[in-house]
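*Asks:* Here's a structure for you.
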Amino acid sequence: MKTYDMVIIGGGPAGTTAAMTAAELGLDVLVVERDADIGIPVRCAEGVDHKGLTQFFEPDPHWIAAEISGYSLIAPDGRNVAMNNEGETGYILDRIVFDRMIAEKAARRGAKILTGVEAEAMSAFENGVRIVSLKQNGENRDVAARVVLAADGVESRAARWAGLDTVCPLGDMETCAQATLAGIDIDHHRFHLQFTREFAPGGYAWVFPKGEQVANVGLGIAGTFAKDRSPSSYLNAYIERFFPGASVVSRTVGGVQCSGGVKKLYADALLVAGDAGHMANPMTGGGIINGMIAGKLAAEIANDAIKHGDTSEKTFKPYQKACEKRIVNMNRRFHSIKEGVAGFTDDDFNAIADKVLEIPLEKRTPIRVLGKALMKNPRLLAVLAKAAF
């Protein structure tokens, strides 16, 4: 049986960033991805910020579909509330090209990547390793791992195999639907977010440009609403209302766990990263950069543990602390704010838009929007106080 330093379950940005980092550190790495292709299917709005992205890569036109220089909040009644982004830049990725780029870098540094391979089970920690059972083309085989990284996304099973609680409360599971629309009239350097209970109860709708007249248009709804009506049905109504006559060139559905993060991200010889650890921002659902940060941290801490010959649970406490500092603490604050905003009605959002539109554009910042929201709903102040502490 082949023994690897790291077996990474999942070939998304968290898993491949971990593989790239671990291979560069000299570890023997295997990545297994159950889908046939890295980067497919794309279940993501594909947006990242400049500051987050450049921790890892300089922007490359080969995998950037659009550069974003501004954003707008859209009121439920359709009014455009343009915001001052204070000079910050963002990007809409071409996730298929982007994901493959990271995987190829990992492979060039020595990681082995296998697609179309399902991780079916994992043993308990014994004799310094875990045994991971794999299935490919109907054939089964086992590999040993000194460290396993569970980066297997929203449907993660690997963390549960190690006894970690990764169950997401129904109200925090955003069920999402997205379509790529073509032939639409948009500002392709500005993205839009719309909070509306009519089309996205418990969540929000988005328009992320991917070039001239093309955009990812989608929405997420809280899981408690999905039992009554599917997100695809909400999306169809949203497109009909705001983009009548648009051409739909692709569709995707999926889920985002917006819980603020699982309580424990490590076990004996196992770490958890990305969506498997509920690392998406609860307010926006964005998780690409957070997943990459966690993947890099996991590789570095696994490398230290392997070099010291101890991959037991106690060795990985620094990973938890590092993730909390970089990702989880902020996500929990956003989760508290999301809970407060969830009680707003469409009339509330429209009234806030009235007040924000009175502010000159150059002074129209998120903190001022928050101030207007507090005036409309003072109980949000208690939510923010809880988030702060």
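*Asks:* Residue check, ARG95 against (1) of a type in the set (Lys, Arg); (2) surrounded by fewer than 18 Cβ atoms within 10 Å (Cβ to Cβ); (3) closer than 25 Å to ALA200 by Cα, all met but one. Which one?
*Replies:* (2)
*Asks:* If you take the residues in region 210-252 that are β-branched (Val, Ile, Thr) and closer than 28 Å to ASN329 by Cα, which one is surrounded by the fewest Cβ atoms within 10 Å (Cβ to Cβ)?
*Replies:* THR224
*Asks:* With respect to the numbered conditions (1) closer than 30 Å to ILE184 by Cβ; (2) assigned to a helix (DSSP H, G or I), which one is the sole condition not fulfilled by SER336?
*Replies:* Only one criterion is unmet by SER336, namely (1).
*Asks:* Determine the pairs where a residue that is within 14 Å of GLY78 (Cα to Cα), located within region 236-258, has a partner that is surrounded by 13 or more Cβ atoms within 10 Å (Cβ to Cβ) and among the β-branched types (Val, Ile, Thr) with Cβ atoms under 7 Å apart, the partner being 6 or more residues away or on another chain.
*Replies:* ILE239/VAL217; PHE243/ILE184; PHE243/VAL217
*Asks:* Moving on to the next point. For the list (1) buried (at least 17 other Cβ atoms within 10 Å of the Cβ); (2) over 18 Å from VAL148 (Cβ atoms); (3) in contact with a Lys or Arg (Cβ under 7 Å, 6 or more places away or on another chain), I need the number of the one condition that THR311 fails.
*Replies:* Among (1) buried (at least 17 other Cβ atoms within 10 Å of the Cβ); (2) over 18 Å from VAL148 (Cβ atoms); (3) in contact with a Lys or Arg (Cβ under 7 Å, 6 or more places away or on another chain), THR311 violates only (2).
*Asks:* Answer yes or no as to whether TYR266 is among the aromatic types (Phe, Trp, Tyr), touching a Lys or Arg at 6+ places or on another chain (Cβ under 9 Å) and in contact (Cβ under 8 Å) with a residue 24 or more places away in the chain.
*Replies:* It is true that TYR266 is among the aromatic types (Phe, Trp, Tyr), touching a Lys or Arg at 6+ places or on another chain (Cβ under 9 Å) and in contact (Cβ under 8 Å) with a residue 24 or more places away in the chain.
*Asks:* Can you tell me which residues in region 234-266 are modelled with pLDDT of 95 or more and on the phi > 0 side of the Ramachandran plot?
*Replies:* none
*Asks:* So, one more: Looking at region 39-131, what strands (runs of 3 or more DSSP E) fall wholly within it and have at least 2 residues that are over 23 Å from VAL143 (Cβ atoms)?
*Replies:* 47-49, 64-68, 70-74, 80-83, 90-93
*Asks:* Here's another thing I want to ask about it. Consider VAL207 against the criteria (1) surrounded by fewer than 22 Cβ atoms within 10 Å (Cβ to Cβ); (2) touching a helix residue (DSSP H, G or I) at 6+ places or on another chain (Cβ under 9 Å): it satisfies all of them except one. Which criterion is unmet?
*Replies:* The number of the failed condition is (1).
Here is a yes/no grid of residues against (1) farther than 17 Å from SER156 by Cα; (2) at pLDDT below 95; (3) over 20 Å from the mean Cα position of the chain (by Cα):
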{"residue": "MET1", "(1), (2), (3)": "yes, yes, yes"}
{"residue": "TYR4", "(1), (2), (3)": "yes, no, yes"}
{"residue": "ALA18", "(1), (2), (3)": "no, no, no"}
{"residue": "ALA23", "(1), (2), (3)": "yes, no, yes"}
{"residue": "LEU27", "(1), (2), (3)": "yes, no, yes"}
{"residue": "LYS51", "(1), (2), (3)": "yes, yes, no"}
{"residue": "TRP63", "(1), (2), (3)": "yes, no, no"}
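The values are calculated or read from the model by the stated rules, or taken from the named source; none is laboratory data. Since this is a predicted model, take the numbers as computed values, not measurements. Ideal geometry is used to build each Cβ from the backbone, glycine not excepted, and the neighbour counts take in all protein chains shown.
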